[in-house]
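The values are calculated or read from the model by the stated rules, or taken from the named source; none is laboratory data. Predicted, not measured: the structure shown is a model, and the values here were computed from it. Heads up, the Cβs are rebuilt from the backbone with ideal geometry, glycines too, and the neighbour counts pull from every protein chain shown.
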Amino acid sequence: MITGQQISGAHKCIINMQVFVANTYSGFIVAGGTGEITESSTGLLNSGFVFSGYDGYIFDQSGKFVGGYQPDVPINLSVHAKGDETFSYFLDGVMIANDYFTPTGIDYVEIDKRGASTLSIEHIF
């Protein structure tokens with residue numbers, strides 16, 4: 001099941017996300033970029049960042065392994081958009097990548113729940 005949330009499209013912002021996964025085999029995909037919520041459609045149009053989790057492993061948009069997860073232990077992801085079409089991201093407070101390029105901007109975040117996963121989002125300007 002895919003659910004999404006529109007966030008206000010600031011050029012410089014921090015998006016803190018917390019993912020809960022019920023069991024190791026329930027994976028997830030969290031993506032952010034440009035999207036829309038209208039009467040006729042809802043969804044991500046262009047992705048700027050993507051995190052996927054499967055069998056206890058977390059990967060970024062390039063397919064790079066960035067960490068792991070356990071059932072019922074929150075996964076804290078933070079994306080820092082810098083305003084110059086780049087962003088940095090953190091996993092549980094540790095910087096994993098700096099100056100990733102995203103030509104799309106970030107105004108929409110969605111999660112593809114594989115099993116019993118949940119996502120909460122805090123958007124800071």
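Tabulated values for the structure
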read-out	value
Count of residues meeting criterion [in a loop (DSSP other than H, G, I, E, B) and either surrounded by fewer than 14 Cβ atoms within 10 Å (Cβ to Cβ) or modelled with pLDDT of 90 or more (or both)] in the stretch 29-70	12
Yes/no for residue 118 being under 13 Å from the mean Cα position of the chain (by Cα) and exposed (fewer than 15 other Cβ atoms within 10 Å of the Cβ)	yes
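Here's the yes/no breakdown for (1) in contact with a helix residue (DSSP H, G or I) (Cβ under 9 Å, 6 or more places away or on another chain); (2) within 19 Å of residue 48 (Cβ to Cβ); (3) assigned to a strand (DSSP E or B):
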{"site": "72", "(1), (2), (3)": "no, no, no"}
{"site": "81", "(1), (2), (3)": "no, yes, yes"}
{"site": "84", "(1), (2), (3)": "no, yes, no"}
{"site": "88", "(1), (2), (3)": "no, yes, yes"}
{"site": "98", "(1), (2), (3)": "no, yes, yes"}
{"site": "103", "(1), (2), (3)": "no, yes, no"}
{"site": "110", "(1), (2), (3)": "no, yes, yes"}
